[in-house]
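The values are calculated or read from the model by the stated rules, or taken from the named source; none is laboratory data. As the structure is a computational prediction, the values presented were derived from the model and not from experiment. For neighbour counting, all protein chains shown are included, and Cβ atoms are generated from backbone atoms with ideal geometry for every residue, glycine included.
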Amino acid sequence: MTASDPSSGPVLTPIIGSLHALQVPIPYPMKTVTVLLDKPADGPVTMIDTALDTPEAHAAIEAGLHELGLGWNDVERAIITHHHPDHYGLAGLVEEHGAEIQMLDVEIGRGERYWHMWEEWLPGHLKHMRDHGLPPASTEDMAGDNRRGRDRVRPAHHVSPLREGQNVALAGRDWEVLWLPGHADGHLGLWNAEDSILIAGDAILPRISPNVGLYAYTRPDPLGDYLQTLGKLEALNPAQAVVGHYGPTMTGVQARARELRGHHHERLDFIKAEAGKEPRNAYDLSLAMFNRELNVSGRRFALAETLAHAEHLRLLGQLYRTWHEEAGVWVYHA
Ligand SMILES: [Zn+2]
Ligand SMILES: [Zn+2]
């Protein structure tokens, strides 16, 4: 039985009121991404996040829509939590069927634009990785991996901005738009204080630490952003969060936020100690921090994550960075 087989029973998990969650398959280690569907008595039919452009995802979303008596054409609005392919991938398709696509204003100006300027930005993205020590052979593999990712994304033509602090109606309730940067620059959350429920996307996850990476096109200190987001989540202390992976829901957000902060502080200590022993580029530091077999995407995440930590330390004045002319790389040192 699969999610795409309508005879396999209900595929939707009720969240609150008319809001339902769907677990859509993705070819990543997390296996599924959460797509939310809302068919309120009064108000627009809404989808939150869209999964990737794959036949499996199409089928799963169709099965979810079918269970609510809907088809693609009935979706009037899609809110995307952030620009990563597993959340944004089908935005263009939903738009073609007539829905308005909405994202946080910050994300439209940064992450979302990445998909439109992809051909122009790819060389810069790869140069950034090379400048931080990625070996030339791996750069080729990484370009191929990026291309495969791009093939599964259908960018939207027009995205309308949501702004931090604004309210949106979902499931007959008001939800406040939150800005939760770190995992993505313009990561959006939706907060309903009355029922203490947060739609969190990948801003916080059970089981895995959301990747916080410094890429060529990100804000300069994604880890600093993320540590602030964790503080925000800790203060918010939602009773329940709807999460992008390993959900659809989780409890204990406050404790998880503290745990993730502790995890990043440990990594900061590790990077500081390693770079203090001898000057090293971020790629070499990433091999020390992620000392295990990783595929090409895993290595990219490891390098970007290591870099986010090293740069955070540099911006705090706890590490320095110098261009090594001979090797053509940045090295971090005490
Ligand atoms: Zn993500
Ligand atoms: Zn995700």
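Miscellaneous remarks
- Selected residue [surrounded by 18 or more Cβ atoms within 10 Å (Cβ to Cβ) and in contact (Cβ under 8 Å) with a residue 24 or more places away in the chain] from 172, 201: 201
- Within this structure, residue 91 fails the test of being among the small types (Gly, Ala, Ser), touching a residue at least 40 places away in the same chain (Cβ under 8 Å) and surrounded by fewer than 24 Cβ atoms within 10 Å (Cβ to Cβ).
- Filtering region 196-213 to residues that are part of a loop (DSSP other than H, G, I, E, B) and within 15 Å of residue 104 (Cβ to Cβ) leaves 202, 203.
- For region 83-110, taking the residues that are within 16 Å of ligand 2 (Cβ to nearest atom) and in a loop (DSSP other than H, G, I, E, B), the one that is nearest to residue 64 (Cα to Cα) is identified as 90.
- Single residue of 96, 100, 140, 119 found to be touching a Lys or Arg at 6+ places or on another chain (Cβ under 7 Å), over 16 Å from residue 218 (Cβ atoms) and either surrounded by fewer than 14 Cβ atoms within 10 Å (Cβ to Cβ) or not aromatic (Phe, Trp, Tyr) (or both): 100
- Qualifying residue in region 154-177 (condition: modelled with pLDDT of 95 or more, on the phi > 0 side of the Ramachandran plot and either assigned to a helix (DSSP H, G or I) or not small (Gly, Ala, Ser) (or both)): no
Okay, residues lined up against (1) in a loop (DSSP other than H, G, I, E, B); (2) within 18 Å of residue 150 (Cβ to Cβ); (3) within 16 Å of ligand 1 (Cβ to nearest atom):
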site	(1), (2), (3)
40	yes, no, no
47	no, no, no
57	no, yes, yes
60	no, no, no
65	no, no, no
81	yes, no, yes
